[in-house]
Amino acid sequence: MTATSPTAGGVITQLPDDYVQNPHEVHDLLRTEGPVREVRMPRGLKVWFVTRYDEVKAALTAPGISKKLVGRVRHDALAEHIVFMDPPHHTRLRKLVTKPFTTRQVEKMRPRVEEITAELIAGLHDGDVIDLLEDFAIPLPVTVICELLGIPLVHRDEFREWSNQLLNFGTEEQAQAATASMADFLHRHVRNVRAAAPDDTFFSALVHAAESGDQLTTDELVSMAFLLLVAGHETTVNLIGNAVLALLRNPDQLQILRDRPELIPASTEEFLRLEGPINIASFRYTTDPVELGGVTVPAGELLMVSLLAANRDPERFEDPDRLDVTRSAHGHVGFGHGIHFCLGAPLARLEFDVALTQLLARFPNLTLAAEPETLVWRDSTLIRGLHSLPVRLS
């Protein structure tokens, strides 16, 4: 099926079945038709799809658009966190959990992130063909998040499987089973941490946190732990994977970072812009009629707001499909915008900086070990990431 099928009078009415394999082509077509389009997703869900930069930013902050989806989505058992809340509840929770994720606090974690990365690199050898995701990009952030939450690393594979079931398209039964398993595990973990004396770990501080006499409930703690486990590793995993693929497809840009590794921290923003780890932001719906770019979206409609599309809007970024690690990508929305801007953005940036710096220092001549057209993107409209990334180390 082509990116323009099916259509009505040349206008896209339904996204193609293979949309996630090449969303950029679809986004380009949608942007030419207007800033907001009513379409059906590959599995038939009717939504209003937002693709232009200005309207994406507006949709992420506009009054009359809500994220309070408890009761409207299937994963209510894990939905009592800031992603699915509006003010004032969102304001309260964000205030309680923000402090450990400020740039200053996250920077204190750099030595430990460097240590974990060095240990992973030490297990890799010249000439090996590896899956960069499975052997490097996944274990790094998962280890960091498990340590922050005080969860034994032995559960890493379980969390990854649950995350995949929840974020990829699957059956209702698979999603419910993953939700139940993760919720049960995290309820037990919260009870154990709450019963123990406070210590200096992040999650212990969160469990025992109080702000003006306020404290997170058990359900809020469970949902927050779920959010940190899933979002806290998915963002970094796919940022690393997508960036390395982009560099291997653009050897001139790879050479720039080899020669000038001091550019890596700033280049993070260009990788977030070009192929960020989030395609469509988590669900929103209109509580009142909302005008976006001259288009009125009625009340009670679901909004799909594409960060990926906004970041390649040629009206905002010159030559947007080209990787330029020296570009100033200021203003990209790879981590969202407004009050729901990604809480873990400073940690993801730090992990990416350390990971790419050490990887290129140890294996400056790594190459793609598969034909680019054979790579498969995950079956998810939320996550933009590969199933695997085979590379040869050198």
Practice task
Name the residues whose placed amide hydrogens come within less than 5 Å of the amide hydrogen of E38, ignoring near sequence neighbours (fewer than 5 apart) on the same chain.
Solution key: F49
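Using unit Cβ charges (K, R positive; D, E negative) and no other charged atoms, how large, in debye to the nearest 20, is the dipole of segment 221-292 about its Cα centre? Can you show the working numbers first?
Details: 5 positive and 9 negative charges, 41 e Å.
With only Lys, Arg, Asp and Glu charged at Cβ, the dipole is about 200 debye.
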Completion exercise
Assertion target for M109, M182, ordered by fewest C-beta neighbours within 10 angstrom first, is M109, M182
Fill in the blank from the handout: If R0 = 41 Å, then H89 and D135, at their Cβ-Cβ distance, give a FRET efficiency to the nearest 0.05 of 0.55
Problem - Highest-fluctuation residue, G127, G293, G34 considered, GNM on the chain with Cα pairs under 10 Å - result: G127
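Find how much the distance from Q255 to A177 grows on full extension, using 0.36 nm per residue of separation minus their present alpha carbon separation; answer in nm with one decimal. Intermediate results must be reported in sequence, preceding the final value.
Details: separation 78, 0.36 × 78 = 28.08 nm, distance 4.56 nm.
Between Q255 and A177, full extension yields 23.5 nm more.
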Handout entry: HN-Hα J in Hz across segment 306-311 - Karplus 6.51, -1.76, 1.60, θ = phi - 60°, x for Gly and Pro
Key = 8, 5, 4, 5, 4, 6
Handout entry: Candidate values (i) 20.8, 66; (ii) 23.0, 95; (iii) 21.3, 73, label of the one derived for Rg and Dmax of the Cα atoms in Å
Key = (i)
Exercise for the section: Report, by chain and number, residues whose modeled amide H sits under 5 Å from the one on L386, excluding near sequence neighbours (fewer than 5 apart, same chain). Expected result: R378
Fill in the blank from the handout: Least to most buried among E315, E234, E291, E269, by other C-beta atoms within 10 Å and fewest first, runs E315, E291, E269, E234
Practice task
Tabulate in residue order the Karplus-calculated ³J(HN,Hα) for segment 382-392, using 6.51 cos²θ - 1.76 cosθ + 1.60 with θ = phi - 60°, rounded to whole Hz; enter x for Gly and Pro.
Solution key: 7, 8, 10, x, 7, 5, 7, 9, x, 9, 9
Problem - Mean residue ellipticity (222 nm) of the chain, computed from DSSP H runs ≥ 4 via -39,500 (n - 2.57), nearest 500 - result: -13500 deg cm²/dmol
Exercise for the section: Multiply the residue separation of H24 and T61 by 0.36 nm, subtract the distance between their alpha-carbon atoms, and state the gained length in nm to one decimal. Expected result: 10.9 nm
Practice task
Please report, in debye to the nearest 20, how large the charge dipole of the chain is about its Cα centre when each Lys and Arg carries +1 at its beta carbon and each Asp and Glu carries -1 there.
Solution key: 840 debye
Fill in the blank from the handout: Expected sort for D128, D319 with the fewest Cβ neighbours (10 Å cutoff) up front is D319, D128
Completion exercise
Label model pair L375, A122: point-to-point distance (7 angstrom along the Cα→beta-carbon line) in nm is 3.0 nm
Completion exercise
Between the residues H125, Q176, L360, the Cα farthest towards the positive end of the dipole of segment 7-392, that dipole coming from +1 and -1 charges on the beta-carbon of Lys, Arg, Asp and Glu, is from Q176
Completion exercise
Note on segment 7-392: contact order normalised by length, alpha-carbon pairs under 8 Å, 6 or more apart, percent, works out to 26 percent
Problem - Simple label model, 7 Å out from Cα along Cβ direction - S328 to H208, nm - result: 4.6 nm
Problem - Top of D321, D219, D200 by mean-square fluctuation, Gaussian network on the chain, Cα under 10 Å - result: D200
Fill in the blank from the handout: Taking alpha-carbon centroids only, segment 279-331 lies from segment 37-59 a number of Å equal to 9 Å
Exercise for the section: Can you find, among L303, A196, P111, the residue farthest towards the positive end of the dipole of the chain? Put +1 on the C-beta of Lys and Arg, -1 on that of Asp and Glu. Expected result: A196
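For the chain, list the DSSP H helices whose alpha carbon atoms reach 30 Å or more along the long axis and whose average Kyte-Doolittle value is -0.5 or above?
Working: long enough: 172-195 (34 Å, -0.61); 218-249 (46 Å, 1.08).
Within the chain the helices that satisfy the rule are 218-249.
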Handout entry: Under 30 Å between alpha carbons - lysine pairs in segment 7-392 that sit 8 or more apart or on different chains
Key = 13
Exercise for the section: Using R₀ = 30 Å, calculate the FRET efficiency as 1/(1 + (r/R₀)^6) where r is the Cβ-Cβ separation of T296 and D17; round to 0.05. Expected result: 0.50
Exercise for the section: Quick one: what are the phi-derived ³J(HN,Hα) couplings along segment 291-297, Karplus 6.51/-1.76/1.60 with θ = phi - 60°, whole Hz, x for glycine and proline? Expected result: 9, 10, x, x, 9, 9, 9
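We did not get these values from a lab; they are worked out from the coordinates using the rules stated. Everything numeric here is computed off the predicted structure, so don't read it as measured data. Glycine also receives a Cβ, built like all others from the backbone with ideal geometry; neighbour counts cover every protein chain displayed.
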